[in-house]
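The structure under discussion appears below in the form of structure tokens.
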Amino acid sequence: MKTHTFRLEPEEDLRQSLEQFLAQRKIDAAAMVTCVGSLSQVALRLAGAAGPTFREGDFEIVSLVGTLSRHGVHLHLAVADARGAMFGGHLVEGCSVRTTAEIVLLELPGTTFRRVLDASTGYRELRVDYKNSGA
């Protein structure tokens, strides 16, 4: 396994920046180890919602978890507002870094995460392929 540690700067889009990082390094499978920082705009798809919800303000990143690949990502974000009220959902484009986003990813060599349409859910769901492992 290999770790990747980097920082996003103010006004960078959290999801777009992660996707660019994965594409540039041709990362086929990774897990989010940690992400700490803050956002000035949050964009989430909430459970059961057809489209994204946007909020502006000062938000602390409380948690970012998920599976990542240059073939697609699935990330859930939890944030806290200035009063400490938390909310979260599926990370979509539109989350703007306020001061920093410090990220640690764990790359999984020999594994490929792909997103394949699942007729039963209507979403692109995870398919895991292992190279030379017989799994």
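The values are calculated or read from the model by the stated rules, or taken from the named source; none is laboratory data. Predicted, not measured: the structure shown is a model, and the values here were computed from it. Cβ placement follows ideal geometry from the backbone for every residue including glycine, while neighbour counts extend to all protein chains displayed. For the accessible areas, the whole protein counts, side chains as well, though only heavy atoms, and no ligand, DNA or RNA atoms are used. Shrake-Rupley method; radii C 1.70, N 1.55, O 1.52, S 1.80 Å.
The single condition among (1) touching a helix residue (DSSP H, G or I) at 6+ places or on another chain (Cβ under 9 Å); (2) more than 26 Å from K2 (Cβ to Cβ) that G57 does not meet is (1). Scanning for something touching a residue at least 60 places away in the same chain (Cβ under 8 Å), of a type in the set (A, V, I, L, M, F, W, C), surrounded by fewer than 18 Cβ atoms within 10 Å (Cβ to Cβ) and under 20 Å from T3 (Cα atoms), does the range 111-122 turn up at least one residue? Checked the range 111-122: no residue is touching a residue at least 60 places away in the same chain (Cβ under 8 Å), of a type in the set (A, V, I, L, M, F, W, C), surrounded by fewer than 18 Cβ atoms within 10 Å (Cβ to Cβ) and under 20 Å from T3 (Cα atoms).
Taking the range 1-75 and the strands (runs of 3 or more DSSP E) fully enclosed by it, the elements with 1 or more residues that are of a type in the set (K, R) and surrounded by 13 or more Cβ atoms within 10 Å (Cβ to Cβ) are at 30-45, 53-69. Of V97, V104, all but one fail to be touching a Pro at 6+ places or on another chain (Cβ under 6 Å) and over 22 Å from Y123 (Cα atoms); the exception is V97.
Any residue that is modelled with pLDDT under 95 and polar (S, T, N, Q) - is there at least one of those in the range 61-83? No, there is no match, as no residue in the range 61-83 is modelled with pLDDT under 95 and polar (S, T, N, Q).
Applying the condition of being in a strand (DSSP E or B) and open to solvent by 40 Å² or more (accessible area, probe 1.4 Å) to the range 76-86 and asking which residue is nearest to E19 (Cα to Cα) yields H76.
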